[in-house]
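The values are calculated or read from the model by the stated rules, or taken from the named source; none is laboratory data. Because the structure is predicted, anything quoted here is derived from the model rather than measured. Backbone-built Cβ (ideal geometry, glycine too); neighbour counts: all protein chains shown.
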């Protein structure tokens, strides 16, 4: 039973608690996060690591007037619990519940929505400059992890902020660095010196006295300053940030509430950019997460006692099918290399990395670099595959266009999580890839209906002498992967799965199985529907599509992607250019940002389950029904 959490209605309630009570609150927050995520899934380890930091931030800053901006948002669960969302926390990541990330519409304490990495400093600098131009008075704090600091955007923002000299605080949450005790003691000593007002006054007084020494005073001060700077380069780990124009504090213990509060209160007195380097332990307070923080970074429901994940379905996933096929192909061809942007596990590259460490690259959170790096490898004679979530490929779009496709380089983009991803919500849905990729010249864009077809497509992709995007969903394969053959896939050729003359259902990727089920349910109604597995969004199998469209006179396209500019649009363009006029219904993700919820709930919400598609198609046929039989 919560003793303190239920009393915290807003961050202001923290300021009446003693230090002992704040630590008791921290323990309650951890228990609540563990309990809830064991039922809902979520980003457990990151949030457990910043509990004391979050408490200190809300003790020192007056949210929502002061702006606390979280990078990525994986670590924002404690923040949600302290900002009036305790009563709703059990709905975390559930349809209609609170988001797993900061969200502007959800709370005034979430000043900026997040979900993608390395954005917080840019956003915070924007807030700080808006504050100054408007003549307002509030603090702006960006909280960014060491992982997110590998993203180039973070350093672009640091460079700009340091140049402007804007009053801004950046908290670097470092949960990877390990510091030996003696170094830790030295850093704590240096931090106490920096944060002690008495020391600052003594330093200023000493400089004043030295400057008043006739003839040599200014020289002595400059010499002392040079000596101090030299020692700082030797002893202080934050000189990179100092050179970028930030005053550096740290590293400090991110689980010491007293030290955190003292440091943050000192930082608030400064009028220039400040970076506070905080050391935290990912997964702190829950042994399984402490032992394997990577596995507990983001996960589904699990057993609290053992830490073991609940298994809902034993069927292999498309990511596993990709992983197995890639390893087999790499054994055949030493020129195949694999690239990830800090997600070897999520993209299925762990086994490749284990077997072929010299041909595997993790570039950090740097999708733009990864894309052009792949282009360079291809230009150098290798066969790179960049495995990336659809939502994160958006960050490397210019590089796909300019560096890969313009030069027609043989790079394979393994686009995972295409379509609706579930509980991570709108920041992570891969809803736009078919639309933004199919317009690029030279690019072949294909989507498998099952794991076996993915195998054939991956082999075809490596044989193709140009860029290929292979797009697949966050879903179980309809097949078992027991068939280890390599189906022959010809670029730009689809297949007929069912013949029919009354209606043509043309589907791609995950919607092929839906189309087959719909056709089977239409048959008892006397409607013979053809089912085409398009396989390719670009190039389309024009002859196949036009032949069946002319034969049936009515076409329905199905895709788990945005309808605007997607696969259905490509089919409509083909029909129009061929002068073939026939009623056409395009089904896919509507022109909205889709909320979070389970993948099945979201497919139902957007009308892409077999039942909803059947209902829509039957209604649409209505007065159009004329049998071609």
For this session: Could you identify the single residue in 350, 328 that is surrounded by fewer than 18 Cβ atoms within 10 Å (Cβ to Cβ) and more than 20 Å from the chain's Cα centre (by Cα)?
Result: 328
Seminar exercise, completed: Within segment 40-65, the residues that are in a helix (DSSP H, G or I) and more than 18 Å from residue 292 (Cβ to Cβ) are 40, 51, 52, 53, 54, 55, 56, 57, 58, 59, 60
For this session: Go through the residues of segment 80-89 one by one and say whether even a single one is surrounded by 18 or more Cβ atoms within 10 Å (Cβ to Cβ) and touching a strand residue (DSSP E or B) at 6+ places or on another chain (Cβ under 8 Å).
Result: no
For this session: Output yes when any residue across segment 471-489 is in contact (Cβ under 8 Å) with a residue 40 or more places away in the chain, touching a helix residue (DSSP H, G or I) at 6+ places or on another chain (Cβ under 7 Å) and closer than 22 Å to residue 403 by Cβ, and no when none is.
Result: yes
Exercise. Among (1) part of a loop (DSSP other than H, G, I, E, B); (2) under 23 Å from residue 434 (Cβ atoms), which single condition is residue 484 missing?
Worked result: (2)
Problem set entry | Qualifying position, being crowded, with 21+ Cβ neighbours inside 10 Å and assigned by TED's automatic domain parsing to the domain that holds residue 76, among 40, 36, 54 | 54
For this session: With the checklist (1) in a helix (DSSP H, G or I); (2) surrounded by fewer than 24 Cβ atoms within 10 Å (Cβ to Cβ) in hand, flag the one item residue 95 doesn't pass.
Result: (1)
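Table: residues versus (1) surrounded by fewer than 18 Cβ atoms within 10 Å (Cβ to Cβ); (2) under 17 Å from residue 344 (Cβ atoms).
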position	(1), (2)
360	no, yes
366	no, yes
375	no, no
387	no, yes
397	yes, no
400	no, no
Exercise. Out of (1) crowded, with 18+ Cβ neighbours inside 10 Å; (2) outside the structural domain of residue 165 (by TED's automatic domain parsing); (3) modelled with pLDDT under 95, what's the single condition that is false for residue 310?
Worked result: (1)
Seminar exercise, completed: Apart from one, (1) at pLDDT 95 or above; (2) touching a strand residue (DSSP E or B) at 6+ places or on another chain (Cβ under 8 Å) all hold for residue 27; the odd one out is (2)
For this session: Of the conditions (1) more than 38 Å from the chain's Cα centre (by Cα); (2) surrounded by fewer than 16 Cβ atoms within 10 Å (Cβ to Cβ); (3) more than 23 Å from residue 442 (Cα to Cα), residue 543 clears all except one; give me its number.
Result: (3)
Problem set entry | Candidates 463, 455 - the one that is more than 28 Å from residue 117 (Cβ to Cβ), in contact with a helix residue (DSSP H, G or I) (Cβ under 9 Å, 6 or more places away or on another chain) and in the same structural domain as residue 387 (by TED's automatic domain parsing) | 455
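Each row is one residue, and each column tells you yes or no for (1) touching a residue at least 24 places away in the same chain (Cβ under 8 Å); (2) closer than 27 Å to residue 146 by Cα.
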| residue | (1), (2) |
| --- | --- |
| 360 | no, yes |
| 368 | yes, yes |
| 388 | yes, yes |
| 391 | yes, yes |
| 394 | yes, yes |
| 400 | yes, yes |
| 412 | yes, no |
Problem set entry | Selection status of residue 50, closer than 21 Å to residue 154 by Cβ and either modelled with pLDDT under 95 or more than 26 Å from the chain's Cα centre (by Cα) (or both) | no
Seminar exercise, completed: Of (1) in contact with a helix residue (DSSP H, G or I) (Cβ under 9 Å, 6 or more places away or on another chain); (2) within 13 Å of residue 469 (Cβ to Cβ), residue 401 satisfies every one except (1)
Exercise. Taking segment 247-290, which residues are in a helix (DSSP H, G or I), closer than 16 Å to residue 175 by Cα and modelled with pLDDT of 95 or more?
Worked result: 260
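Each row is one residue, and each column tells you yes or no for (1) modelled with pLDDT under 95; (2) in contact with a strand residue (DSSP E or B) (Cβ under 8 Å, 6 or more places away or on another chain); (3) exposed (fewer than 12 other Cβ atoms within 10 Å of the Cβ).
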site: 137; (1), (2), (3): no, no, yes
site: 143; (1), (2), (3): no, yes, no
site: 148; (1), (2), (3): yes, no, no
site: 203; (1), (2), (3): yes, no, no
site: 216; (1), (2), (3): yes, no, yes
site: 221; (1), (2), (3): yes, no, no
Exercise. If you scan segment 458-470, which residues turn out to be crowded, with 23+ Cβ neighbours inside 10 Å and farther than 14 Å from residue 539 by Cα?
Worked result: 458
Exercise. Only one residue in 534, 550, 520, 530 is under 24 Å from residue 455 (Cα atoms) and either under 36 Å from the mean Cα position of the chain (by Cα) or surrounded by fewer than 24 Cβ atoms within 10 Å (Cβ to Cβ) (or both). Which one?
Worked result: 534
Exercise. If we only count helices (runs of 4 or more DSSP H) wholly inside segment 347-448, which ones have 1 or more residues that are closer than 30 Å to residue 105 by Cβ, touching a strand residue (DSSP E or B) at 6+ places or on another chain (Cβ under 9 Å) and in the same structural domain as residue 465 (by TED's automatic domain parsing)?
Worked result: 367-379, 390-393, 433-438
